[in-house]
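What follows draws every value from the coordinates through simple rules; no lab data is involved. Here the structure is a predicted model, which is why all the values come from computation and not from measurement. Methodologically, a virtual Cβ is constructed for each residue, glycine included, from the backbone with ideal geometry; neighbour enumeration extends over all protein chains shown.
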Amino acid sequence: MRHLIDILDFSVEELQELIDTANDIIAFPEKYSERCHGKKLATLFFEPSTRTRLSFEAAMYELGGQVLGFSEAQSSSAAKGESVADTAKVISCYADIIAMRHPKEGAPLVAAMNASIPVINAGDGGHNHPTQTLADLLTIYREKGGFEHLTVGFCGDLKFGRTVHSLIEALSRYEGIKVVLISPEELKLPSYIKKDVLREKNIPYLQTTDLEAVMPELDILYMTRVQRERFFNEEDYLRLKDSYILTPDKLQNAKPDLSILHPLPRVNEISVAIDQDPRACYFKQVLYGKYMRMALILKLLKEAGRL
Ligand code: CP
């Protein structure tokens, strides 16, 4: 049974296959409108979400399938103490595929080990968010035409930002990638990712606190929110939350073809004035997420013999 728990579960060729399918869906949506007729997606969200849950649901509806699920732990039997393993076994009796978000790192992996249907990690704690990476990859592909020889700046909460961790893993497999890590000292990228991904794959990287100093180098600027829900201490969050606020003046020295991405939700870290800048890609990124999730559902259902 194939699942998507970590973006490295898919080869570079498989990611390209998903991108090609998503591009085909964008060009010919009617071809896909009944592909999942009679199939059900279960969205098991133990943590809040707008984009991921609703884009999964929209994706399944646009494939002609149906959706069931819950959007908070309190409305499921998790509130009565049911384990993730038992939940996965139960939902396997009702649905064809599961998308799960959970505050605990590793929970979707536990679900995958116990389910008899494909499980998709829709975000696990501060760990990974592979389907956001699919959205990010399609955005970069459509903006830049590929992934090679790009300098990618990640800015904000690189410690708890699971979207950052997954995208760095994904990009590390392409030729000529350079990474610039821009964060306060307390929110630096975890050491295990620097060691196991960046150094292991000989990816040149720079760590800095100064966004404006590195701006002229960047092809992609990936802004992130400081993740309030992962802090143990509200005072630390309040001190760090506005470390970086992207305003039009900060883009003065940026490349004219810079692409600005953000997984959203945004709080304060990108001024709404940037939304009008043609380099702002974050709302396109939201839309592309739906198409990549459609491509992913098709792939996993096919591989499971359910299509
Ligand atoms: N990008 C993202 O995961 O957004 P949601 O938390 O709204 O799903």
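Kirkwood hydrodynamic radius computed over the stretch 1-77 comes to 14.2 Å, based on all pairs of distinct alpha carbons.
Please give me the summed charge of the neighbours of residue 59: other residues whose Cβ is under 10 Å from its Cβ, Lys and Arg +1, Asp and Glu -1. After counting each charged neighbour, the total is 0.
Taking a Cβ cut-off of under 14 Å around residue 84, the surrounding Lys, Arg, Asp and Glu residues balance to a net charge of -1, with basic ones at +1 and acidic ones at -1. GNM on the chain, alpha-carbon springs under 10 angstrom: the most fluctuating residue among 54, 261, 187 is 54. Lysine pair count for the stretch 130-285 with Cα-Cα distance under 23 Å and sequence separation of 8 or more or different chains is 23. Computed across the stretch 256-307, the Kirkwood hydrodynamic radius from all distinct Cα-Cα pairs reaches 13.1 Å. Computed with the Debye formula from one identical point scatterer per Cα of the chain, without solvent, the log10 of I(q)/I(0) at q = 0.07, 0.09, 0.16 Å⁻¹ comes to -0.26, -0.44, -1.34. Close Lys pairs in the stretch 1-128 (alpha-carbon distance under 26 Å; sequence gap of 8 or more, or different chains): 9. Report note on the peptides 24-32, 264-272, 92-100: ranked by the mean count of other C-beta atoms within 10 Å, highest first, their order is 92-100, 264-272, 24-32. What shape does the stretch 95-240 take by its C-alpha gyration tensor, where a ≥ b ≥ c are the square roots of the eigenvalues and a/c under 1.5 counts as rounded, a/b above b/c as prolate, and the rest as oblate? Oblate is the answer for the stretch 95-240, as a/c is 1.5 or above yet b/c matches or exceeds a/b.
With the convex hull drawn over the C-alpha atoms of the stretch 217-307, the volume per residue is 142 Å³. Listed from fewest to most Cβ neighbours within 10 Å, the set 131, 43, 21 follows the order 21, 43, 131. The stretch 219-262 and the stretch 148-204 have Cα centres separated by 15 Å.
The convex hull drawn around the Cα atoms of the stretch 152-307, when projected onto a plane and averaged over every direction, covers 10.8 nm². Per residue of the chain, the DSSP helices (runs of n ≥ 4 H) give a summed -39500 (n - 2.57) that works out to -10000 deg cm²/dmol at 222 nm.
For the stretch 159-223, the convex hull spanned by the alpha carbon atoms encloses 84 Å³ per residue. Mean projection of the Cα convex hull over all viewing directions, computed for the stretch 83-140: 4.0 nm².
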